[in-house]
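The values are calculated or read from the model by the stated rules, or taken from the named source; none is laboratory data. All figures in this text were calculated on a predicted structure; none of them were measured in a lab. Because the Cβ atoms are built from the backbone with ideal geometry, glycine has one as well, and the counts that use them run over all protein chains shown. Keep in mind that these areas ignore ligands, DNA and RNA; they rest on the heavy atoms of the full protein, side chains included. Shrake-Rupley method; radii C 1.70, N 1.55, O 1.52, S 1.80 Å.
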Amino acid sequence: MDKKNKEIEINEPRMVKSHDVKLDAEYVEWTAELKHRYRSAQIKAAVKVNGEKLLFNWQMGRDLVQKKAEERWGAGVVEQVSLDMQKEFPESKNFSVRNLWYMKQWYLFYTENMKKLKQLVSELLPSEGYERKLEHESEDGTLKLKQPVSEFPLAFACVPWGHHVRIVQHSKTIEEALFYIGYTIKEGISRDTLERVMKDDVYNKRGKAPNNFPKHLTPQLAGLARQVIKENYDFGFATVSHETYDESELEDALHENITALLLELGNGFAFLGRQREMLVGGRTRKIDMLFYHIRLRCYIVCELKAKAFEPEFAGKLNYYVNAVDEVLKLPDDNPTIGLLICSNMNKADVQWSFKEITTPMGVATYNNIRIKDMLPTQEQLKERLELLQKEIRATKRLMKKSSE
């Protein structure tokens, strides 16, 4: 087809559709690479834009501190800066008075001890290539790292401003704040999830669940497993029928709210099923809940107990972990981990029970299960509402009489 006819065909109105192509393996591989490159470009662009905005906020906080703005221009200077900036940039939501105070608070929180900040940043924040997201191409074509302010940690650019504000408001120490920044970077969590994680006090609870991971896992994997397994799980999203519920009803309640359960367990858990049946020696064995953890790259056998820990629970869980290692685990998988979640425990009992255990496992507790019998019925709620309305009407009458 000549050039003229080709142009006519391109300009001719028609529906775009797949035709006259051979979709072989090379084509599929090429388009997959194109999609990967485009997603990577999107991420890099977003991080760079976020990094520049955060750098501005950092410098604004620095200026307010170093220029001693309130002493120099008066107590209302922050409000005046807010008005001036909003007038110049009316489309921006970055210059509210509250946000300017956040910038100052953010800068002060981290820079009161710069030496400590630099040391902790290198120790606590992930170094899994986030620096390359902030690289830019210089005039000579080489990639150079952009770091215009020496005290501004580059890893901060990988976390949105709203996350930074919540972290500083919540954290008591730089160590705690950097932990949640690193957690946000590694897990890619939303602000709502971050607030839930901080409410759960993951920083102080991490690694405190009794476990034998160092004995049966590599140091790196043991450390990661300790971060993954919580000391206590909040099952406030689940409801059982009465106070004397058993494991079966607890499992039903959790399974009915599987999305909430996975959020509470944390990022990386993939649910593979409940009451997973295995035949061992001609007998049926059933696992309460089976998960696969993407970051740990291993199966996690979860046993639920609606009672306090007993030493024999560890032996049963050990059996199931060994069975999964034999039946399901692939050569590339890491050793299966057992997780026992019970209503209460004595840590000495748990540690003594681990002495004869041959597999990695941890023990955690749960709380806040809701009891259906203790919740008001629809009729009770209606009665309470009517009573409240009567009280409001009576109060209004009294107030009217007193005013007369």
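Along the axis of the charge dipole computed for the chain (Cβ charges of +1 for Lys and Arg, -1 for Asp and Glu, origin at the Cα centre), the listed residues F56, V202, A177 are led at the positive end by F56.
Quote the charge dipole size of segment 24-64 about the Cα centre in Debye, to the nearest 20; the model charges only the Cβ of Lys and Arg (+1) and of Asp and Glu (-1). Provide the component values of the computation, followed by the final result.
Details: 7 positive and 6 negative charges, 69 e Å.
Charge dipole of segment 24-64: 340 debye, to the nearest 20.
Remark on A238: its backbone amide H falls under 5 Å from those of R370, a criterion applied only to residues 5 or more positions apart or on other chains, H modelled at 1.01 Å from N. The calculated FRET efficiency for the pair N322 and E195, based on their C-beta separation and a Förster distance of 41 Å, comes to about 0.55. Under a model in which nothing but the beta-carbon of Lys, Arg (+1) and Asp, Glu (-1) is charged, segment 262-404 shows a dipole of about 860 debye around its Cα centre. Between N344 and I258, the modelled labels are 3.3 nm apart [label points 7 Å from Cα along Cα→Cβ]. Which pairs, out of K67/K172; K286/K307; K286/K347; K44/K205; K172/K305, put more than 23 Å between their alpha-carbon atoms? Distance filter (> 23 Å) returns K67/K172; K286/K347; K44/K205; K172/K305. Of the DSSP H helices in the chain, those that are both long (alpha-carbon extent of 24 Å or more along the helix axis) and hydrophobic (Kyte-Doolittle mean at least -0.5) are 311-327. Rounded to the nearest 20 debye, the dipole size of the chain about its Cα centre is 1040 debye, using +1 on the Cβ of Lys and Arg and -1 on the Cβ of Asp and Glu. Ligands, DNA and RNA are left out, and with a 1.4 angstrom probe the accessible area of the chain is 62 Å² per residue.
Classify segment 144-237: rounded, prolate or oblate, from the alpha-carbon gyration tensor (a ≥ b ≥ c, eigenvalue square roots; a/c under 1.5 rounded; otherwise prolate if a/b is larger than b/c)? Taking the square roots of the gyration eigenvalues as a ≥ b ≥ c, segment 144-237 is oblate. Note on the chain: with a GNM built from Cα contacts shorter than 10 Å, the maximum mean-square fluctuation among K199, K347, K115 falls on K115.
Report the Stokes-Einstein translational diffusion coefficient (µm² s⁻¹, integer) for segment 35-95, Rh taken as the Kirkwood radius over Cα pairs, at 20 °C with viscosity 1.002 mPa s. Mind showing how you got there, number by number?
Working: Rh = 13.8 Å.
Estimated diffusion coefficient is 156 µm²/s.
Of the labelled options (1) 47.1; (2) 38.4; (3) 22.6, which one gives mean projected area of the Cα convex hull in nm² as computed for this structure? The value matching this structure is (2).
Put simply, segment 191-239 fits an ellipsoid with semi-axes of 24, 13, 8 Å; these come from the alpha carbon gyration tensor as the roots of five times its eigenvalues, largest first.
What's log10 of I(q)/I(0) for segment 191-273 at q = 0.18, 0.23, 0.24 Å⁻¹, Debye sum over Cα points only, no solvent? Each listed q corresponds, in turn, to -0.91, -1.17, -1.19. Computed over neighbours whose Cβ is under 12 Å from that of K286, the net charge equals 0, Lys and Arg +1, Asp and Glu -1.
Springs join every pair of Cα atoms under 10 Å in this Gaussian network model of the chain, and among V228, V202, V28 the largest mean-square fluctuation is at V28.
Calculation over all alpha carbon pairs of segment 288-328 in 5 angstrom steps from 0 returns a P(r) of 5, 20, 29, 24, 14, 8, 0 percent.
Shape of segment 241-361 from its Cα gyration tensor (a ≥ b ≥ c, root eigenvalues): rounded if a/c is under 1.5, otherwise prolate when a/b > b/c, or oblate? Numbers along the way, then the final one.
On the way: a/c = 1.39, a/b = 1.11, b/c = 1.24.
Rounded, because the longest to shortest axis ratio a/c is under 1.5.
Going by average Cβ neighbours within 10 Å, how do the peptides 79-91, 292-304, 329-341, 47-59 rank, with the highest at the top?
Working: 79-91: 12.2, 292-304: 20.5, 329-341: 18.5, 47-59: 16.9.
Going from most to least packed, we get 292-304, 329-341, 47-59, 79-91.
Provide the net charge surrounding K208, with neighbours chosen by a C-beta distance below 9 Å and charges set as Lys +1, Arg +1, Asp -1, Glu -1. Summing Lys/Arg as +1 and Asp/Glu as -1 gives +3.
Taking amide H atoms as placed 1.01 Å from N in the peptide plane, the amide H of A308 lies under 5 Å from those of S343, N344, each 5 or more residues away in sequence or on another chain.
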